[in-house]
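The values are calculated or read from the model by the stated rules, or taken from the named source; none is laboratory data. This one's a predicted model, so the numbers in the text were calculated from it and none came from an experiment. All Cβ positions, even for glycine, are placed from backbone atoms using ideal geometry, and neighbour counts span all protein chains on display. Heads up: the accessible areas ignore ligands, DNA and RNA and are worked out on the full protein's heavy atoms, side chains in. Shrake-Rupley method; radii C 1.70, N 1.55, O 1.52, S 1.80 Å.
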Amino acid sequence: MSEKEKHESASGVWYAAAAFTAWGILPLYWKVLQQVPALEILSHRIFWSFLFVSFLLLFSGRMYSLRQVISDWSKLAIVFLGAILISANWFIYIWAVNANRVVEASLGYYINPLFNVFLGMVVLKERLNIWQLISILLAAMGVSVLTIQYGSIPWVALSLALTFGLYGLVKKMTNLDSLTGLTLETAFVAPLALGYLFLQQFRGSGSFGVSYFYINFLLMCSGVVTALPLLWFSQGAKRVRLSTLGFLQYLSPSISLFLGVFIFKEHFTKTHLLSFGFIWCALTLYAFSQTSLLPQLQPGFLQTRERG
């Protein structure tokens with residue numbers, strides 16, 4: 001590896017680590033805004049994100065990329081679906097943080113990589129080896145432990161994994177860069193967000209302008225804290241291997257889990273430990289399945305079909 005490649009790889013690690021760290025500490029940001037309803041925070045996040053990324057796109061001279069997508073109605077429809085999915089994901093996460101369910105939210109982002117594998121198998125018809133199938137089953141067992149013990153499905157974790165997993169699938173189908181994609185996605189929902197904010201202000205129940213200065217400032221900056229990690233992630237993904245990126249992605253839920261347990265003092269019972277244990281084992285097994293340390297075995301039914 002040349003010196004230039006080493007430098008690129010090192011900078012890529014820093015970009016990716018910065019993105020995942022930022023996502024991990026984001027609960028602290030939403031927690032400060034706890035007095036603002038989750039839907040209002042979401043609306044501010046969408047609107048200010050749209051303004052920020054539109055400015056970046058204009059400043060970088062890449063507006064032509066928008067015209068290319070707008071002229072393709074099929075791609076535009078997929079982008080619209082992505083806008084709905086990421087908006088739902090943002091809302092659930094903000095609500096979970098302010099409802100003191102950060103631990104469950106972190107579980108969702110531990111499950112997400114394995115759900116992506118499941119989507120690849122079901123939707124994209126990707127072949128999995130036996131170790132990858134076992135890792136998905138272990139993750140399912142981890143979710144089942146919480147469901148059986150508490151008598152209710154951990155819907156926050158599952159809905160976060162579902163919406164973000166499907167969003168990733170949609171992004172794969174559009175193949176847009178992060179800045180263009182986020183600009184279009186927020187453009188679709190920004191009018192609704194702005195309309196809701198105006199309605200809240202008209203009713204006298206809006207928080208913007210009537211709260212403390214720091215609350216108004218944080219609401220306005222929600223666009224920046226949304227867009228920057230995405231741009232860092234994009235730069236990191238270009239420079240490092242996929243396996244390195246896969247390892248670094250666990251920084252985010254690990255930091256969130258730490259915050260939930262030690263900073264926000266949420267309950268972390270033996271049942272949580274058992275459930276997370278299954279998930280961590282599943283992730284470890286899947287990580288090893290990507291290397292040559294485990295034999296690359298195909299499930300029996302696939303082997304039989306191939307011989308036929």
Considering the stretch 113-143, residues that are of a type outside the set (A, V, I, L, M) and open to solvent by 50 Å² or more (accessible area, probe 1.4 Å), and then whichever is nearest to Ile92 (Cα to Cα), we arrive at Asn116
Please verify whether Gln235 is farther than 20 Å from Leu66 by Cβ, surrounded by 14 or more Cβ atoms within 10 Å (Cβ to Cβ) and without any contact (Cβ under 8 Å) to a residue 12 or more places away in the chain, treating the condition exactly as stated.
no
For the stretch 76-132, what are the residues that are assigned to a loop (DSSP other than H, G, I, E, B) and in contact with a Leu (Cβ under 6 Å, 6 or more places away or on another chain)?
Asn129
Would you pick out the residues in the stretch 146-163 that are crowded, with 20+ Cβ neighbours inside 10 Å and not hydroxyl-bearing (Ser, Thr, Tyr)?
Leu146, Pro154, Val156, Ala157, Leu160, Ala161, Leu162
Within the stretch 48-62, the residues that are open to solvent by 70 Å² or more (accessible area, probe 1.4 Å) and among the hydrophobic types (A, V, I, L, M, F, W, C) are Leu51, Phe55, Leu58, Phe59
Single condition Phe55 does not satisfy, out of (1) within 15 Å of Leu176 (Cα to Cα); (2) without any contact (Cβ under 8 Å) to a residue 24 or more places away in the chain
(1)
Residues (free of Cβ contacts under 8 Å to residues at least 40 places away in the same chain and either out of contact with any helix residue (DSSP H, G or I) (no Cβ under 7 Å at 6 or more places or on another chain) or open to solvent by less than 40 Å² (accessible area, probe 1.4 Å) (or both)) located in the stretch 63-75:
Tyr64, Arg67, Gln68, Ser71, Asp72, Trp73, Ser74
Quick check on my filter: what residues within the stretch 171-215 are closer than 21 Å to Ile94 by Cβ, of a type in the set (A, V, I, L, M) and either assigned to a helix (DSSP H, G or I) or touching a residue at least 24 places away in the same chain (Cβ under 8 Å) (or both)?
Leu182, Ala187, Val189, Ala190, Leu192, Ala193, Leu194, Leu197, Leu199, Ile215
Of all the residues that make up the stretch 91-112, how many are open to solvent by less than 20 Å² (accessible area, probe 1.4 Å) and hydrophobic (A, V, I, L, M, F, W, C)?
8
Residue in the stretch 178-201 that is acidic (Asp, Glu), open to solvent by less than 40 Å² (accessible area, probe 1.4 Å) and within 19 Å of Val102 (Cα to Cα) present
no
Across the stretch 46-75, what is the total count of residues that are assigned to a helix (DSSP H, G or I) and either within 24 Å of the chain's Cα centre (by Cα) or polar (S, T, N, Q) (or both)?
18
Looking for something at pLDDT 95 or above, hydrophobic (A, V, I, L, M, F, W, C) and over 16 Å from the mean Cα position of the chain (by Cα) - is there at least one such residue anywhere in the stretch 165-185?
no
For the stretch 233-308, list the helices (runs of 4 or more DSSP H) that sit wholly inside it and hold at least 3 residues that are at pLDDT below 75; which are they?
242-248, 300-307
Matching residues in the stretch 24-46 - criterion: being open to solvent by 40 Å² or more (accessible area, probe 1.4 Å) and either farther than 22 Å from Ala190 by Cβ or touching a Gly at 6+ places or on another chain (Cβ under 7 Å) (or both):
Ile25, Leu28, Val32, Gln34, Gln35
